[in-house]
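Contents: one structure, followed by commentary.
The values are calculated or read from the model by the stated rules, or taken from the named source; none is laboratory data. Fair warning: this is a prediction, and the values are worked out from it, not measured in the lab. Here Cβ is always computed from backbone atoms with ideal geometry, including for glycine, and neighbour counts include all displayed protein chains. The area values use the complete protein model at the heavy-atom level, side chains included, leaving out ligands, DNA and RNA. Shrake-Rupley method; radii C 1.70, N 1.55, O 1.52, S 1.80 Å.
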Amino acid sequence: MTSIKSWRWLMRKKSGLSDGGKSSLKMKQLPFMAILCTVMLFIVYRTTKYQYHQEEIDKRWSLWGQAKAYPATSGKLKGLPQGIIHANSDLELRPLWSRSSSRSKASVYSNRNLLAVPVGIEQKQNVNAMVKKFLPENFTIILFHYDGNVDGWWNLDWSSKAIHIVARNQTKWWFAKRFLHPDIVSIYDYIFLWDEDLGVEHFSPSRYVKIIKEEGLEISQPALDPNSTEIHHRITIRARTKKVHRRVYERRGSTRCSDSSEGPPCTGFVEGMAPVFSRSAWYCTWNLIQNDLVHGWGMDMKLGYCAQGDRTKNVGVVDSEYVFHKGIQTLGGSGHGITKVSKLKKTTTRQGGAGIDVRTEIRRQSTWEFETFKERWNKAIAEDKNWVDPFRSNQRRMIRRRRENQGLSKHST
């Protein structure tokens, strides 16, 4: 009996020593585990920070604000090393030769903008005044000659500094779609796609660019002088007491504009005669331009979708820098960006002998393109199940607010 008790006592003592050994072992391991966890956390932090900095570097190298991606994934480029692929270009003129001391220096273009204008020789004097304003302000000039006459411009001192593209009887949007691809104009901060019949006596390109940068306008236009020959939309008229306006108020006529208006032509709207696009907005707009719909009718109502955010904030009209729209008569008469077509008779003759009113035919074509554009827009919405209208929620909220206000007014009466 005594031996059994002694055995139990020895076993308890041994067990106690064992538990104490385990506890002391655990205590000794705690500092080591803490150090290990600290090291692991430091490694995770450094890795995450490195990845973040690499992404930021890639964004800086990418003109579109996205990580730089080599196009070498294309099978057509697999024969080239990635570093030699140059996917973008520009519209800068290059010398045929340069001094040996400057050959190794890479050309760096910063804060550069682009003015693109469809021109005919009859508007040479007005275009001359326009270019003389823009060229000294770090602008690249490209002229789209829709009348085929380039030789008539060479006597202007700046003509050799501009880029001249010729295609008879083509529209501004036809030229823009084919020659202003985003990869070609990616070095330019802003793209001015203007008509030729704008008076710039009260306009400064540098002050305008400064204002739209300060205001955060992705899509804009200069206001029109109230005395302009031709004005199509009230929102484009200059407000004398403002620097910029983003909406208009109208209580007369078929279009009613108020604080509750959330879309064109009351807000988020510029006209096609003198639009100005940021680099990102132009990337979107170029893709919106339909290759075969050359008159651009209806597109101005959808430009707000390219405003890189809220169109009521990112689209605006600059009042302090304004232009005079001369409204030069074009084939088709007044309208949304009617084509300027040179040296065509108002009436031509068919093979059968019957006359064709060219102006009327152009208006019919423009109207058909307008309806076609609307049909394509609606079809695209119906087919793209993942697309969500970014402005639909705003419209619903404004409708609900309007109904609530109407209900309150009824109760008060």
### Query
Going through the range 123-137 one residue at a time, which ones are over 16 Å from ASP197 (Cα atoms) and in contact (Cβ under 8 Å) with a residue 40 or more places away in the chain?
GLU137
### Task
Output the number of residues of the range 209-264 satisfying the condition of being open to solvent by less than 20 Å² (accessible area, probe 1.4 Å), assigned to a loop (DSSP other than H, G, I, E, B) and under 25 Å from GLU137 (Cβ atoms).
2
### Task
With respect to SER160, determine if the residue is part of a loop (DSSP other than H, G, I, E, B), farther than 20 Å from ILE289 by Cα and either in contact (Cβ under 8 Å) with a residue 60 or more places away in the chain or among the small types (Gly, Ala, Ser) (or both).
no
### Query
Just one of LEU115, LEU93, LEU180, LEU143 is surrounded by fewer than 17 Cβ atoms within 10 Å (Cβ to Cβ), touching a helix residue (DSSP H, G or I) at 6+ places or on another chain (Cβ under 8 Å), of a type in the set (A, V, I, L, M) and touching a residue at least 12 places away in the same chain (Cβ under 8 Å); which is it?
LEU93
### Query
List, please: which pairs have Cβ atoms under 7 Å, are six or more places apart or on different chains, and start with a residue in the range 222-240 that is farther than 14 Å from HIS202 by Cα and end with one that is at pLDDT 90 or above and polar (S, T, N, Q)?
THR236/GLN221
